Structures are given as C-alpha cells and as structure tokens.
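The structure appears right after this line, and notes come after that.
The values are calculated or read from the model by the stated rules, or taken from the named source; none is laboratory data. All values derive from a computational prediction rather than experimental measurement. Positions of Cβ are backbone-derived with ideal geometry, glycine not excepted, and every protein chain shown enters the neighbour counts. All accessible areas refer to the heavy atoms of the entire protein, side chains included, with ligands and DNA or RNA removed. Shrake-Rupley method; radii C 1.70, N 1.55, O 1.52, S 1.80 Å.
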Amino acid sequence: MMACLSCFVVHGFELNPAIYAPEPSYSSLVSFDSFVLLRKFQIEVLQPLPGSSAALCCVVLVTIFNRKPQSFKESFMGMNKTIVWFRRDLRIEDNPALAAAAREGSVFPVYIWCPKDEGQFYPGRVSRWWLGHSLAQLDNSLKSLGAELVLIKTDSTLEALLECANAIQATNVVFNHLYDPVSLVRDHNIKEKLVEHGIGVQSYNGDLLFEPWNIYDESGHAFTAFAPFWNKCLQMQMQALSSIPSCQLILAEGKVGKCSIEELGLEDESEKSSNALLGRAWCPGWNKTEKALREFFEQHLLHYSKNRLKIGGDSTSLLSPYIHFGELSVRKVFQLARAKQILWANEGNNAGEESVTLFLRAIGLREYSRYLCFNFPFTLEKPLLGNLTYFPWETDPDKFKAWRQGRTGYPLVDAGMRELWATGWIHNKIRVIVSSFAVKMLLIPWRWGMKYFWDTLLDADLESDILGWQYISGCLPDGHKLERLDDPAIHGAKFDPEGEYVRQWLPELARMPAEWIHHPWNAPLTVLRASGVELGQNYPKPIIDIDVAREQLTEAIFKMWENEAASKGSGSEGRHEVVDESENLAIPKVFLKDKAPPANSSSNDQKVPTLHQPQNDPPHRKRLKCSAEINHKQNSSQNLSKDTGVSIIDQEISSTAESSCRRQSSSTYSFSVPEQCSSSSNMRCSWQDQLDMETSSSKDGKYNYICKGLRSSLRTFSTLLNVFT
C-alpha cells in the first residue's frame, strides 16, 4: 500500500504515504466507481504500481480529500467559487441553486438580513421567530455537509454580496427566484450591479411547479382566472427534483463580517416570552418537514375533503409555514400527493381521490398567487378588476382597531382575530370570514387587512395574501361578487355549531348556550344574566347591524359606478383595466408565448411579462347599469347573505397555499426591466394614476398601507412592452 501511495501525483503534489494512509472507516468506500470519482475531482493518477486496485485508489483519494486543508480541497474542484444566496428556500433537498453551485466547485452559503429592503413588509413577530429557528436548522445541515451558513446583517444587500464576492474571489452568485414585485425589482437591480463587477449571476426555480411565463392560454396570454390556469398546469410536465448534494460540500474560504442569529435582531427581549409558547406547537426547520409531511399524508390526507373545513383540531396539513420559508419543496409535496391520487384511483377509493384533488387545488392556489403577482405586479396596491379602483372604502381607524382587537360584537369574527393575535395563526376558513367581515361589513380597505395579516401571521405570504384579500373583496374576475355579504352568525352556526371555538377564545362567552353564542344580542335577558354576559360592558354590542351593513355596501357599489362614470366622462379613463370578461370589457393582455430568448439568456432565469393591447380594436367601455339592473342587484344583494353555500375556492383560499389548523447554463443578464416609455406613449395603465391617492396616517390610528418605496418601480412595470429574458 505504501509503495502504491508514493506513486500518486495530484495536481503537482507528491503524496506522503505517512500522512495519507487510509483509515479503516473508509473501507466502505471501496465499492464506489473510482474512475467517476477521480474524474469528478479532476485527479491525475500517474503510473500506479502493478497490482494496485482502482478501489484502493478511491479510498486513498477520498481520505486525502477529507483530510487536506481547504485550499487543497478546492484544487480538486476547479476554480469556480459560487455564492449561494439563500432567501425563502431554507432547505438542502430540492434546492436547484445549491445543487448547481455544488456541481461547479466550492460554495459560500449566505443569508443576508436587510431590514431596509423589507420596508413596509418587514416581517411580523411570529414570522421572525420562525425565520430564526429555520436559519439555525439550515446552518446545522450545511455543517453536516462540510459547509456553514454565513449570516450577515446589513443596510444594503448588494454591498453585502459584493463584500462576500471580494472576500472569496467569487466567480458566480446563484439564488432561487422570488416573484413578488418587491423582490423582482430588488433582484433585477442586484443582478445588474453584480454583472457590472464581472460576477456571473444565475437564478433558478426553487419555489413553483412551473415558471409563470411558461403558462398561457391558447392565444398566448396570461390567465386571469384560476380554473383554466390550474387545468393548464395539470397538463404540463413538471421539473424533476434536485437531490441533496451526494458528497461533502466544499466551502469557499474568505473573511467576511458575519454575525450570529441573535445578532441579526430577529427577536426582541419583549417578544421572547410570547414566542416561547410558539415552540410548543411548531418545530421550524427543513429537517423537521419530513415528520410533518409524513404525519399529514398517513393520518389526515385520506379524510381531507371531509375535515378541511373544521375550524378546530388538526384538519389541514400544517405545512403552510414550511412551504412559505422554503423548508419544504412544493414539487415534493405535489409529487407525493399525485402518487397517492393514482394509488387511490386504482383502488377505487373515491374519498381519497377527492381529498387529493382538493389538496392539490390548494397548492394550485399558491401557484396562482405568484402567477398573478408576476404577470400583474400592480396587484400589490391595486385591484385586478379596474373598476374597483373607484370603490369608496371607509378609512375609519376606530373600526379597524375594533376588528384587529376582536371587539366587533360578532363572536366568530372576534374569536378568530384574538386567536390570530395570540398564536399567529388561524384556520383558512376563519381567514375568509374575518377578511370578508372587514371589507364587506366595515368597508375597510382590503390593503389594510392584507398588511395586518402580513404583520401577524406565522405563515404570512405576500403573494397569497394579495390573492386572498382581492378574492374576498371582489377584485378578481372569479372571486366573490362585490355585492355578496355573508352573515357571521350564520357562518358560526355552520362551522362552529356547538360554540367550542368561540368559547376557547372568548372566555366572556364561555357560559353562553350554543343556541345563542353566535348572536348573543338576540338572547333573552335571563340567558345573558345566567351566562354572566353584559353586552356593552364585558362583551361589545355589534359594531354594525347586518341590515345596515348590507345597505351601506349597496350604496358604496352605486357610488363606485358613479365615480367610474364621472372619471370616464371627464376623459381621465385612458387606462388599461382588468375587468370581468363576461361583461365584454377591456383586459390588458400579458403576452407570454413565442418570445424567443436572447442568445445570452437561459431558460432557468427570470423573465418579465408584457402588456399587450390590440392596435386596431378600441377598448370596450364598461356599460353603465340601467335603473332596472340596479334594482335587480339591490334585491339580489339582500338575498345573497342568506345563502350559506360556499364555493370551492372559498373553502380553500387563505393567506397561504395550504394553511395549518393548529396554530442550465444561465445568463448573467437573466432578468431585465425595460426602460419606461416616453411621455408620448398612449399605453397608460389603470394603477398608474392612483398611486398617490391612498389614505395615509400616523400612529394614533390612521394607517398607510401603501408601498411608497415601490412607486417608481411599479410605474416601470406598468409600461412593460416586451418580454425580456
């Protein structure tokens, strides 16, 4: 063996057999394909002595690889040094960016915490708690593979990346795509600057089943309704999963100013006592996802169709925060569910097959939320249906405060809001009920509610929150009808018939009989006294009567039509509006098909959509309703609240794809935002004139939930004329 070792020369280094004699623990490696391993490590073996085996060579070289200094290891892997920029992809398994970097050479995993970049969408307390624990688990996993996660707190993400690149002499930066408007603009700017510094940039799909620019209708345009979008997705071939790196990662060495998780400042001292309770119900981290996934698939998926609307108990998957933070690959979840669906279909298990279909639909809603945000980035601030721009929302801080604190006088709504504040989580059916109450009963702007969900939900997800709130507010072509108003008392009797959920979160109503618990204002005085309830004292009276709320909603709809007509009459309507196709109204087209990528682009990298307006056909105008139509709508709106039927999207829409119930050659110019059109262009978009018309306020109750820092960027998006790659 010693003689055999002495004749190996690796990249000019003569091996000392006294140092590199293999240890017994490597005896299991003799079955490896040594020639593949040698070629992968770029090792040259010169004139081995007769009788020396390839397996022995492999054992020796693996021993060398794991025992030599880091700089020597890097010589095996070539000169590529890649920064892996982690964001919402905090996992090892099925991480395309990490897998690509590991194949090319040494890696430098980094997570950059930049509160300035977060702006108004700075994560809430419970989200930051989860993030801290998730980062710790990811770091442990990377260390087991020979690397570590470098944590950096900074005021500039770009400067932090450049510092890392200079420290390790990086040749590339890789990351997985994000699709919200905030991240799109930031990523574009960072890519441009890195390229200017001679650093290659590659980005990958680690968050979706399909890239949003690859899904379009027969005419090549983006979908504006969920059902046809999801049907198209189910017909497409999905990208294969990326495996965990099969060997030790090679850490690129360099001195960078890094910090600990505590030094990131994700958790204040005042928050620690509240956060301690979260650890009893949740176990963050990518290595904990397997247990949560297995538990759901083995114990709950079969009866998902029957139990998913139960607002108490473990009736949903509990996977939403894992998916949001990227600890769990949505592709993995989808493939496992499809396998179950095929198995149960072959067995004739109709209940199981239906359950999987509904569960996959919930995943589809998450996909659709990112699809809408990418193709219609103005939905961060503006409704998808353009006429909703004219809706007269009531910016009443007192009503908003009562809703947030669970003091509306409607028990099911109040129980949901108090659970949200206490735990950072509510069942997705409760999310629908409380959000519908805010926008339809109190006429609170949907953006206010969306921002509050972002601040308080453990699984807060910007794209899914946008979809959920726009759906409830009647801002989507296939969402709730604007005039629909559901009675919370009826919903309470349907989804919490015994009142157990209300009693859990409203102790002041703990002794109320189930007959009256969802509408205590109708209870006889003797019942109230026996239950210890004093309306207006220890529990509030209803903040608004249901009939009054219905009248106010109808009046607001009339006012919206008047405002729209006045705007068009004054000639200020020269904008693209996304409106219901069933009314033959103009829709701005986002054209995705047949856009050949430039020579310097890759199919891996991010693209940008384009608005498309036919040149010859003038846009249709929204027809004013005649008095007969108005009377018909007024009558139908009074009847809608009595209908307790729930649509399939109603049952599943939530802040996240699937809520829990407890609680490759890539281009360096992969993503471009085109310059704004000249002022002579007649392509003006419906959100462009309204960005400065939102109600702002101060700490004493008024709220400005508008992403002002994005205004110029959104205006850029509003004038997109080409698909760039």
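Surface calculation, 1.4 Å probe, protein heavy atoms: D396 sits at approximately 50 Å² accessible. When a 1.4 Å probe is rolled over the protein heavy atoms, the share of accessible surface on region 254-315 that falls to carbon and sulfur comes to 49 percent.
Sequentially through region 533-538, phi angles give Karplus couplings (6.51, -1.76, 1.60; θ = phi - 60°) of 9, 10, 4, x, 10, 8 Hz, Gly and Pro residues having no value and appearing as x. Taking every protein chain into account, the accessible area of region 330-452 amounts to 24 square angstrom per residue (probe 1.4 Å).
The alpha-carbon atoms of region 392-500, seen along their principal axes, cover 35, 28, 27 angstrom, with the largest extent given first.
With a 1.4 Å probe rolled over the protein heavy atoms of all chains, the accessible area of R503, R103, R294, R87 falls in the order R103, R294, R503, R87, largest first. Note on R294 and N214: the model spin-label points, each 7 Å out from Cα along the C-beta direction, lie 3.1 nm apart. Geometric descriptor of region 357-453, per residue, is 115 Å³ (volume of the convex hull of the Cα atoms). The alpha carbon convex hull volume per residue for region 212-284 rounds to 287 Å³. Given their separation in residues at 0.36 nm each and the Cα-Cα distance between them, A510 and D547 gain 10.6 nm when the chain is fully extended. Just to verify a number: FRET efficiency for N346 and R529, C-beta to C-beta distance, R0 = 51 Å, to 0.05? That pair, N346 with R529, gives E of 0.25. Here the Karplus relation 6.51 cos²θ - 1.76 cosθ + 1.60, evaluated at θ = phi - 60°, turns the backbone of region 210-220 into coupling constants of 9, 5, x, 7, 9, 10, 7, 7, 5, 8, x Hz, with x for every Gly and Pro. In region 364-426, carbon and sulfur make up what percent of the accessible area (probe 1.4 Å)? Taking all protein chains in place, region 364-426 shows 48 percent carbon and sulfur surface. Among 441-448, 158-165, 119-126, sorting by the average number of other beta carbon atoms lying within 10 angstrom of each residue, highest first, gives 441-448, 158-165, 119-126.
Near R88, no amide H atom lies under 5 Å from its own; only residues 5 or more places off or on other chains count, and H is placed 1.01 Å from N. With distances taken between every two different alpha-carbon atoms, region 438-503 has a Kirkwood hydrodynamic radius of 13.3 Å.
Summed over the residues of region 486-530 and divided among them, the accessible surface reaches 51 Å² per residue at a probe radius of 1.4 Å. Note on K568: accessible area approximately 40 square angstrom, rounded to 10, probe 1.4 Å, nucleic acids and ligands left out. Per-residue surface analysis assigns D117 an accessible area of about 50 Å², computed on protein heavy atoms at 1.4 Å probe radius. Reported to the nearest whole Å, the Cα centre-to-centre distance from region 384-436 to region 92-145 is 32.
Taking amide H as placed 1.01 Å from N in the peptide plane, W425 has its amide H under 5 Å from the amide H of L458, each at least 5 places away in sequence or on another chain. Extension gain, C259 to R407: 0.36 nm times the residue separation minus the Cα-Cα distance gives 49.1 nm. Accessible-area rank, largest first, for E367, E269: E269, E367, with all protein chains present and a 1.4 angstrom probe. Averaging the sequence gap over all C-alpha pairs within less than 8 Å and six or more residues apart, then dividing by the number of residues, gives region 144-243 a relative contact order of 22 percent. Ranked from largest to smallest solvent-accessible area, with a 1.4 Å probe on the protein heavy atoms, I543, I342 come out as I342, I543. Here the Debye sum runs over all C-alpha atoms of region 156-309 as equal scatterers in vacuum, and log10 of I(q)/I(0) at q = 0.09, 0.10, 0.12, 0.16 Å⁻¹ comes out as -0.55, -0.68, -0.97, -1.33. Amide H to amide H distances under 5 Å link I215 with no residue, where only residues 5 or more positions off or on other chains count and H is placed in the peptide plane. A convex hull fitted around the alpha carbon atoms of region 245-299 yields 117 Å³ per residue.
Normalising by the residue count of region 266-365, find the relative contact order in percent from Cα pairs under 8 Å and 6+ residues apart. Once normalised by length, the contact order is 29 percent. Each label was represented as a point 7 Å from its Cα along the Cα-to-Cβ direction; for R338 and K272 these points are 4.7 nm apart. Along region 552-566 the Karplus relation, 6.51 cos²θ - 1.76 cosθ + 1.60 evaluated at θ = phi - 60°, assigns HN-Hα couplings of 5, 5, 4, 4, 5, 5, 4, 5, 4, 5, 5, 5, 5, 5, 5 Hz to successive residues, with x for each Gly and Pro. Rounded to the nearest 20, the Cβ-based charge dipole of region 219-317 about its Cα centre (Lys and Arg +1, Asp and Glu -1) stands at 560 debye. Beyond 28 Å, the tail of the calculated P(r) for region 412-565 holds 25 percent of the Cα pairs. Please report, as a whole percent, how much of the solvent-accessible surface of region 110-193 comes from carbon and sulfur atoms (probe radius 1.4 Å). After summing per-atom areas, the C and S share lands at 44 percent.
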